[in-house]
There are 2 protein chains.
Amino acid sequence: MKIVAVDPFYLKMPDITTDADGTQDTLAVRVRTDEGIEGWGECDASPLVSLATYCCPMSHGNIINIRQSLIGEVLGGSDDILRLHKKVLRNALDIQQIDHAYSGTDIALWDIVGQKLKRPVYQLLEDQFRFLSDGIGYPKIPYASVLFGDTPETTFQIATRLKIQGFKAAKFGWGPMGKFDEQYDIELVESAREGMGKSAQIMIDAGVVWGSDYKTVYDRAKAFSQFSPTWLEEPLAPEAIEAYGTLSALNPPVPIAAGEGSATFRMAEDLILHGRIDYVQIDVGRVSGITTAARIRQLAEQQEVQYVNHTFKSHLSLAASLHVFATNEDFNLLEYPADGSELSQRLTTEKLEVGSDGQVRLTDQPGIGVKVDLNTVREFLAPVKIEINGTPIFDQSVL
Amino acid sequence: MKIVAVDPFYLKMPDITTDADGTQDTLAVRVRTDEGIEGWGECDASPLVSLATYCCPMSHGNIINIRQSLIGEVLGGSDDILRLHKKVLRNALDIQQIDHAYSGTDIALWDIVGQKLKRPVYQLLEDQFRFLSDGIGYPKIPYASVLFGDTPETTFQIATRLKIQGFKAAKFGWGPMGKFDEQYDIELVESAREGMGKSAQIMIDAGVVWGSDYKTVYDRAKAFSQFSPTWLEEPLAPEAIEAYGTLSALNPPVPIAAGEGSATFRMAEDLILHGRIDYVQIDVGRVSGITTAARIRQLAEQQEVQYVNHTFKSHLSLAASLHVFATNEDFNLLEYPADGSELSQRLTTEKLEVGSDGQVRLTDQPGIGVKVDLNTVREFLAPVKIEINGTPIFDQSVL
């Protein structure tokens, strides 16, 4: 089987706001082979900047675009996916965007190989990475991922709604958290807890608001601990690894989570080894796909850190995320986008529904197991055309 | 003074090869103000992918392009440059390419403020960063930066030519190094030493060839030490920080240099604190400009690591690089592109020439102190046009 086409599609809602809502647009990637099998993936990244990484002219041996590295390549099994991952990243050593941009393609390649071999991706990963698990795809507890309301009152209403929807876990993030004073922050967390009820899990996402100020984070962790959050997420800037390490040495009474900004294996490794975080949150749409995410899962297992997905896109991304850690029974939480644009809700023809036991599980369908709705792609497509020196180097291929 | 225009220009040679020669194309950035002062900078990065970062549509509050963050902003002094640096990077938190792309703009902003205040950039940096130096701009020993020849014989010829040209130091890199066997590697280094002569400094750039194999690197360092290289550069992959740390703990008999791939402060900090390298090599065209490079210089001073520039572009980049560490007398080496395309040779109207004492020094001209030749820009310009949904979002502005 050979790769014959690699096509990125920029999809967007008609109106985009500054809200911290990652579902307002997306970059979907389709890979086609000469045997007629095609796979899809999705990037959580700037669509245009990522798309440029598929077609940018060569600058020298370390700046070669994704298409040029892949078209014509042999794709037979998961060994080929790892070989191509290495080739693409090596050819693009000096393209900073490469990890964000390649994520969608790597996911699509796993989708294709799974279809070809008639096996779900999590089983292929099990064989390839030898995770020392029993190979069973375990169900996960979905946690709704929502923004804080602007006030404690609206946060309470949001939490109550999630409880009524049946969520046993929910993460509240960004918005007013850290923007006013400690008392306001505490009231926000208290409202989330009261709305969700005593038995639910709640998580707090501070949205990098305290920069490198680990002392304030420690104080907030102490203040929030009375509401028993499962974790406090991204209290510090992504770069503040030494501050994360110092915070960890203080033994804050709430576990610390971070990692969604990881674009490379090293960024996650750095957070785990030197930031000493408790939960590592990996976005397969940013970290150059399933291949690197699986390596980070291995590291998390070795270092006794909890692996959890970061997902704020469609159920294509959600399913791709879940394959990475489905076979580890202890990694039992799944970020589950509860709100989201029409685009993200309709990008796939089916969803990973919450089961009657309140949990989410993969099917044993081959590949990623979730199909893209081409009508949605057509409806939300923002066709891109790029010319250099009057010559088209990208002209949106039709579906 | 307000920023009124931020324009990236994609410049390229007619033919681009896979050679490890970063001067075959470039992205130059011009920033204009309402007082008529304009500044220029240069990125060492994929021109098209970086250009997209200037005009990509907003995706949400963490994906906002460079132009949108800057146009209309106040620019009066170096405090403003630091404020804008923070703003741009925060607005582009989820654009991986931001550091590469913003580098040229940050350099241009220092150029403008220097012109406005009639002071060279190194003096502005001295005031802003309080480096604890005496404020004098010291001369540096330029080292020619060239590729190994394909054989020991051609390497000897290259080294001999550099010696005749008057270089007292030269770095040889990439090409066959590490591609055959140990004996061949040794002969390459031996030829470089013989061509340059006993009293010259030679550096070896292994071009990330040994991945994470620190044992081979240690063996090579032992074998190369008889030729007294000043350093062995990038023997390991940029991500292999733990392997760098393990290598360092073995005390290799040749100092280790790395860092050109650093796109962020943390990447350099990680190499310094956990990779325990001896020389940190920073490219102002990749690390979001002079602002971050100056912070890395500070860290290098604190950690007693040697700071040195990485430059494989025009003398605009070279001058920008030199301003960062001119006032530290001990940081006395300067990577000095000896070969380079016609584009890079002619991008500036003047060069940082090697003085009669064999050293290179900045002038006290305001700003970066090197002017862009607009005729060269016109001659090598590859105009870019980007349309989304039929609407132009970038259409190369005329000079």
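The values are calculated or read from the model by the stated rules, or taken from the named source; none is laboratory data. Treat the numbers as computed from the prediction; the structure is a model and nothing was measured. As a convention, Cβ positions derive from the backbone with ideal geometry for all residues, glycine included, and neighbour counts pool all protein chains shown. Each accessible area value is taken on the protein alone, full model and side chains, heavy atoms only, with ligands, DNA and RNA left out. Shrake-Rupley method; radii C 1.70, N 1.55, O 1.52, S 1.80 Å.
Condition (residue is open to solvent by less than 10 Å² (accessible area, probe 1.4 Å) and in contact with a Ser or Thr (Cβ under 7 Å, 6 or more places away or on another chain)) applied to region A:174-186: is it met by at least one residue? No, region A:174-186 contains no residue that is open to solvent by less than 10 Å² (accessible area, probe 1.4 Å) and in contact with a Ser or Thr (Cβ under 7 Å, 6 or more places away or on another chain). For the residues A:Glu234, A:Glu194, A:Glu242, the requirement of being charged (D, E, K, R), within 17 Å of A:His310 (Cβ to Cβ) and in contact (Cβ under 8 Å) with a residue 24 or more places away in the chain singles out A:Glu234.
Only one residue in A:Gln123, A:Gln96 is within 14 Å of chain B (Cβ to nearest Cβ) and out of contact with any Ser or Thr (no Cβ under 7 Å at 6 or more places or on another chain), so which one is that? Exactly one residue qualifies, and that residue is A:Gln96. Contact annotation: residue pairs with Cβ atoms under 9 Å, 6 or more positions apart or on different chains, pairing a residue in region B:267-286 that is more than 14 Å from chain A (Cβ to nearest Cβ) with a partner that is open to solvent by 30 Å² or more (accessible area, probe 1.4 Å) and among the polar types (S, T, N, Q), are B:Ile277/B:Ser248; B:Asp278/B:Ser248; B:Asp278/B:Gln306; B:Tyr279/B:Gln306; B:Val280/B:Gln303; B:Val280/B:Gln306. Condition first: over 20 Å from the mean Cα position of the chain (by Cα), of a type outside the set (Phe, Trp, Tyr) and within 8 Å of chain B (Cβ to nearest Cβ). Can you find one or more residues in region A:64-87 that meet it? For region A:64-87, residues over 20 Å from the mean Cα position of the chain (by Cα), of a type outside the set (Phe, Trp, Tyr) and within 8 Å of chain B (Cβ to nearest Cβ): present. Residue count for region B:209-245 under the criterion of being within 13 Å of chain A (Cβ to nearest Cβ) and not small (Gly, Ala, Ser): the result is 8. Within region A:348-357, one or more residues are β-branched (Val, Ile, Thr) and modelled with pLDDT under 95.
Suppose the filter is of a type in the set (A, V, I, L, M), more than 12 Å from every other protein chain (Cβ to nearest Cβ), touching a strand residue (DSSP E or B) at 6+ places or on another chain (Cβ under 7 Å) and within 20 Å of B:Ala52 (Cα to Cα); does A:Val6 pass it? Judged against the criteria, A:Val6 is a match. Based on what the data block shows, is A:Glu38 open to solvent by 10 Å² or more (accessible area, probe 1.4 Å), under 23 Å from the mean Cα position of the chain (by Cα) and either at pLDDT below 95 or of a type outside the set (Gly, Ala, Ser) (or both)? In short, yes.
Inside region A:49-87, can you point out the residues that are within 23 Å of B:Ile98 (Cβ to Cβ), of a type in the set (A, V, I, L, M) and open to solvent by 30 Å² or more (accessible area, probe 1.4 Å)? A:Met58, the sole residue that qualifies. Scanning region B:301-340 for residues that are surrounded by 24 or more Cβ atoms within 10 Å (Cβ to Cβ), part of a helix (DSSP H, G or I) and either in the same structural domain as B:Gln123 (by TED's automatic domain parsing) or not hydroxyl-bearing (Ser, Thr, Tyr) (or both) gives B:His315, B:Leu316, B:Leu318, B:Ala319, B:Ala320, B:Leu322, B:His323, B:Val324, B:Phe325. The set of residues in region A:141-157 being assigned to a helix (DSSP H, G or I) and either out of contact with any Leu (no Cβ under 8 Å at 6 or more places or on another chain) or of a type in the set (S, T, N, Q) (or both) consists of A:Glu153, A:Thr154, A:Thr155, A:Phe156, A:Gln157. When B:Leu124, B:Leu89, B:Leu147 are checked against the criterion of being farther than 30 Å from B:Ala192 by Cα, in contact (Cβ under 8 Å) with a residue 60 or more places away in the chain and among the aliphatic types (A, V, I, L, M), B:Leu89 stands alone in meeting it.
Residues are listed down the side, and each one gets a yes or a no for (1) in contact with a strand residue (DSSP E or B) (Cβ under 7 Å, 6 or more places away or on another chain); (2) open to solvent by 20 Å² or more (accessible area, probe 1.4 Å); (3) of a type in the set (Lys, Arg); (4) within 14 Å of chain A (Cβ to nearest Cβ):
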| residue | (1), (2), (3), (4) |
| --- | --- |
| B:Lys118 | no, yes, yes, no |
| B:Arg130 | no, yes, yes, no |
| B:Gly135 | no, yes, no, no |
| B:Val146 | yes, no, no, no |
| B:Arg161 | no, yes, yes, no |
| B:Gly195 | no, no, no, no |
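Say whether the condition of being buried (at least 21 other Cβ atoms within 10 Å of the Cβ) and among the hydroxyl-bearing types (Ser, Thr, Tyr) is met by at least one residue in region B:353-363. The answer is no, given that none of the residues of region B:353-363 is buried (at least 21 other Cβ atoms within 10 Å of the Cβ) and among the hydroxyl-bearing types (Ser, Thr, Tyr). Taking residues in region A:353-382 that are in contact (Cβ under 8 Å) with a residue 60 or more places away in the chain, and partners anywhere that are small (Gly, Ala, Ser), the pairs with Cβ atoms closer than 6 Å and at least 6 places apart or on different chains are A:Leu362/A:Gly137; A:Leu362/A:Ala326; A:Thr363/A:Gly369; A:Pro366/A:Gly114; A:Gly367/A:Gly114; A:Ile368/A:Ala319; A:Ile368/A:Ala320; A:Gly369/A:Ala319. Under the condition of being more than 14 Å from every other protein chain (Cβ to nearest Cβ) and hydroxyl-bearing (Ser, Thr, Tyr), the residues counted in region A:246-266 number 1. When B:Gly104 is tested against (1) out of contact with any strand residue (DSSP E or B) (no Cβ under 6 Å at 6 or more places or on another chain); (2) part of a helix (DSSP H, G or I), exactly one condition is not met: (1).
Table: residues versus (1) facing another protein chain (nearest Cβ under 8 Å); (2) in contact with a Pro (Cβ under 7 Å, 6 or more places away or on another chain); (3) more than 16 Å from B:Asp373 (Cα to Cα); (4) outside any strand (DSSP E or B).
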residue	(1), (2), (3), (4)
B:Leu11	no, no, no, no
B:Asp15	no, no, yes, yes
B:Ala20	yes, no, yes, yes
B:Val29	no, yes, no, no
B:Gly41	no, no, no, no
B:Tyr54	no, yes, yes, yes
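Residues of region A:367-399 that are modelled with pLDDT under 95, open to solvent by less than 60 Å² (accessible area, probe 1.4 Å) and more than 9 Å from every other protein chain (Cβ to nearest Cβ): A:Gln396, A:Ser397, A:Leu399. Among the residues of region A:107-140, those that are aliphatic (A, V, I, L, M) and part of a helix (DSSP H, G or I) comprise A:Ile107, A:Ala108, A:Leu109, A:Ile112, A:Val113, A:Leu117, A:Val121, A:Leu124, A:Leu125. Give the residue that is farthest from the other protein chains (Cβ to nearest Cβ), with candidates limited to residues of region A:43-52 that are within 22 Å of A:Lys385 (Cβ to Cβ) and not β-branched (Val, Ile, Thr). Once the filter is applied, the top-ranked residue is A:Cys43.
Residues that are acidic (Asp, Glu) and either assigned by TED's automatic domain parsing to the domain that holds B:Arg286 or in contact with a Gly (Cβ under 8 Å, 6 or more places away or on another chain) (or both) within region B:29-70 comprise B:Glu42, B:Asp44, listed in sequence order.
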